[in-house]
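Q: Dropping the structure in here first, questions after.
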Amino acid sequence: MQKLLKDLSLPAVVAGFLAVLVSYSGPLAIFFQAGASAGISSDMMTSWVWAISVGAGISGIALSIWLRAPIVTAWSAPGTALLVTLFPELSLNEAIGAYISAAIMIFIIGISGTFDTFVRAIPKGIAAGMMAGILFQFGVGAFTAIETTPALAIGMLVSYVVFRRLFPKYTLVLLLISGVVLAVALEGA
């Protein structure tokens, strides 16, 4: 407990908070888009978000205590973004089956210790291209938002430029948070 209190500092708390905020809120906005494109009821979305939130919280705390390192668990932004493009052609049952199958495969790969081997086998350019291809539509959406919500989009852009100058260390985080705010605002519009 004394080591925990010794390591406790404002930069550590801010870094931890931002890590959790980005890993949680970014995919959450995409998750709502996937749910909307699948025609999921608000009750089911509430249940899913609650289950994912509690599961991520418990697993993150348990893993952090067990491994004595800060561990953040959350849902997959690229996987959820891919779902947005697959609905409504993909049924809800097929999506749930795919998530469960992927979870089992990831668990087996994780406990077998072969994850690093698989990751090294994927060329970095291909991995970056896959991620960019999946998330491209969300990046373009930020620019098209200027037409529908100009004050919000321009306000976030100005905020980004100002914070980039004042807090360059946190610029990427602020950019991601701005994207989440924009996506949530557009979803409600």
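Q: If a residue has to be part of a helix (DSSP H, G or I) and at pLDDT 70 or above to count, how many in region 161-180 make the cut? Please lay out each step first, then the result.
A: Going residue by residue through region 161-180, those that are part of a helix (DSSP H, G or I) are 161-166, 168-180.
Filter once more, keeping what is at pLDDT 70 or above: 161-166, 168-169.
Qualifying residue count for the region: 8.
Q: Another question, if that's okay. Could we say that Ala29 is under 26 Å from Lys169 (Cβ atoms) and surrounded by 15 or more Cβ atoms within 10 Å (Cβ to Cβ) here? Spell out the reasoning first.
A: On the way: under 26 Å from Lys169 (Cβ atoms): yes; surrounded by 15 or more Cβ atoms within 10 Å (Cβ to Cβ): yes.
Here the answer is yes, as Ala29 does meet what is asked.
Q: Filter region 51-105 down to the residues that are charged (D, E, K, R) and surrounded by 11 or more Cβ atoms within 10 Å (Cβ to Cβ) and list them by number. It would help to see each step written out before you state the result.
A: Applying the first criterion (charged (D, E, K, R)) to region 51-105 yields 68, 89, 94.
Scanning region 51-105 gives a single hit, Glu94.
The values are calculated or read from the model by the stated rules, or taken from the named source; none is laboratory data. Nothing here was measured: the structure is a model prediction, and the numbers come from that model. Cβ atoms come from the backbone with ideal geometry, glycine included; neighbour counts cover every protein chain shown.
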